[in-house]
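What follows is a single structure, written as structure tokens, with notes after it.
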């Protein structure tokens with residue numbers, strides 16, 4: 001996906017498939033030529049606009065790290081020293097191979113010495129503090145009904161498979177993955193030196209305990225609903241003791257995400273023999289820590305989580321894995337160097353102007369909605385205007401001061417990074433909410449909306465072609481970064497975001513009639529997604545993907561309206577025989593073009609709140625009247641939807 005000739009205007013015209021009618025499948029019309037000739041690299045699960053930009057960003061990070069590695073004696077504690085030595089430790093596979101499972105010995109001994117339920121809970125807490133999953137999870141975040149305060153949260157967990165239905169469903173895909181998981185358990189334990197009889201027992205114990213946890217878990221559809229996962233309670237004596245072990249001060253209230261799960265988990269702690277719990281915890285220790293061990297562990301973990309689940313054919317080379325690990329561990333120190341090198345202040349200013357235009361258009365569009373009352377419109381616009389935009393990079397950096405990183409202790413470096421992050425999280429309990437905090441590094445090719453902060457965040461790395469390029473036709477820029485920005489803004493007003501007010505508090509600000517009309521429109525989107533087959537008889541889950549699908553539709557209509565305002569000022573022109581509107585829709589389709597492996601498609605359909613790429617284009621367009629006018633859609637065309645079934649929301 002490189003810029004092509006001097007006539008290039010931001011769209012890859014060679015990617016069009018003229019054998020496909022745009023009225024039947026616009027995604028394939030705009031991208032089909034590219035899809036047919038594109039092969040997924042063997043070490044990737046999918047390939048397309050987002051992934052290629054991530055790989056390009058990775059190459060830029062490599063330039064930075066290579067320069068740091070070429071220099072010796074960086075001042076201790078500086079970002080340069082932390083990054084260089086962390087990378088060296090990750091890349092030093094001979095040393096990691098020599099150590100084998102030695103880094104885990106203290107953890108294993110701790111598990112083996114459990115002799116009572118009290119010690120079982122103490123060990124679970126010990127593992128949780130070290131970053132090992134098991135039984136449930138624990139974190140500090142804002143209180144959804146009091147967004148000015150942080151509070152402790154208890155959340156369901158303890159599974160090695162992506163989500164509960166992989167344990168409970170006997171459909172072909174879930175059974176395929178579950179069967180492979182049992183084999184993976186055996187393979188990893190064999191590398192760790194377990195005997196055949198121990199392995200056979202562990203396979204059964206792990207699957208039995210995880211299946212019981214899965215049965216008690218809330219469904220992925222319900223987990224999306226902030227009301228269903230908000231249960232503020234006074235912690236019992238059991239949970240008070242656990243929280244103290246986690247280093248939490250005495251607290252009056254905690255938020256329990258899934259009360260039925262925790263009731264069952266407590267029951268399981270009492271009823272399941274300690275010897276079985278030891279097996280389960282040892283498995284989670286091995287599974288979670290394998291990435292920091294020898295090549296044999298890394299390979300086996302790749303074979304299951306990348307090979308079986310995603311269909312990836314080949315492991316990434318060591319330098320890429322070491323770089324990805326460094327980026328994950330030291331995102332802000334590396335991000336600071338990335339921004340200094342690759343993201344000039346002028347770029348931030350240009351995007352800021354575009355975001356301001358989109359905010360203005362969104363407010364105007366809200367004023368014109370025919371299904372919403374004046375009272376609700378006023379509150380929606382007030383919430384929109386209160387939304388904070390964060391562009392490029394944070395205003396303050398976490399540079400991991402005081403963290404010891406050495407070039408010959410990869411496993412220990414990981415523990416010390418986690419300890420820093422954990423301590424930072426726990427300090428929040430004694431402080432007011434930091435509304436300047438970022439949850440993505442600047443070098444991340446993505447964006448997000450925080451409901452409880454009421455902000456939208458666009459890291460520097462996504463503010464590039466194919467999403468934004470100041471030299472490209474503005475049709476492509478509005479369709480690309482404009483729809484991404486509109487998408488994130490709409491998350492504040494999707495089926496769940498609409499439950500939060502301008503300060504990020506979960507409370508209703510709708511009239512009953514407006515809320516009913518909004519939910520009715522959402523049902524149209526659910527039905528449309530449910531009808532889309534992804535692969536092998538697996539369909540999209542309309543309820544799971546509802547928020548993202550509403551945001552995709554909102555991103556499209558807001559970007560289109562903003563582009564129309566731009567045209568009114570700048571004038572219209574034909575480029576390559578295409579009208580401004582045609583170019584906009586082609587740019588919109590190019591943004592999501594992607595090829596993915598069948599295993600990846602299936603797993604995403606079963607677990608991901610984002611729809612697959614073709615639906616993310618065809619779905620919104622089939623609801624959008626200007627698209628019908630631009631390409632002359634009529635009854636009989638495959639994308640045509642009866643007006644009564646078209647979702648007009650934001």
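Coordinate-derived values only; no laboratory data. The structure displayed is predicted, hence computed values, not measured ones. No Cβ is skipped: glycine too gets one built from the backbone with ideal geometry, and neighbour counts run over all protein chains shown.
A few remarks follow.
- Taken over region 499-650, the convex hull of the Cα atoms encloses 152 Å³ per residue.
- At q = 0.06, 0.07, 0.11 Å⁻¹, base-10 log of I(q)/I(0) for the chain (Debye sum, equal scatterers on each alpha carbon): -0.35, -0.48, -1.27
- Protection proxy ranking, peptides 377-386, 409-418, average beta carbon neighbours within 10 Å, highest first: 409-418, 377-386
- Each helix, a run of at least 4 DSSP H residues, gives -39500 (n - 2.57); summed and divided by the residues of the chain, these come to -16500 deg cm²/dmol at 222 nm.
- Region 358-511: antiparallel DSSP beta bridges as a percent of all, rounded to 5: 45 percent
- Mean-position separation - Cα centroids, region 335-408 and region 200-243, in angstrom: 34 Å
- Length released on extending from residue 436 to residue 533, taking residue separation times 0.36 nm less the Cα-Cα span: 30.8 nm
- Each pair of Cα atoms in region 1-141 enters the Kirkwood radius, and Stokes-Einstein at 25 °C and 0.890 mPa s then converts it into a translational diffusion coefficient of 116 µm²/s.
- For the chain, share of DSSP beta bridges that run antiparallel, in % to the nearest 5: 75 percent
- Sequence of 361, 229 once ranked by neighbouring C-beta atoms within 10 Å, starting from the fewest: 229, 361
- Relative contact order, percent, the chain [alpha-carbon distance under 8 Å, six or more residues apart]: 21 percent
- Ranked for footprinting exposure by Cβ neighbours inside 10 Å, fewest first, 56, 275 give 275, 56.
- Descending semi-axes in whole angstrom, ellipsoid equivalent of region 101-292, from the Cα gyration tensor: 29, 21, 14
- Remark: region 189-327 is approximated by an ellipsoid whose semi-axes, taken from the C-alpha gyration tensor as √(5λ), come to 32, 21, 17 Å, largest first.
- In percent, rounded to a whole number, the relative contact order of region 414-490 is 21, using alpha-carbon pairs under 8 Å and six or more apart.
- Inter-part distance where region 484-530 and region 278-311 are each reduced to a Cα centre, Å: 39 Å
- Only Cα pairs under 8 Å and 6+ residues apart enter the sum, and on that basis the relative contact order of region 101-292 stands at 30 percent.
- Region 445-581: proportion of alpha-carbon pairs further apart than 18 angstrom, %: 64 percent
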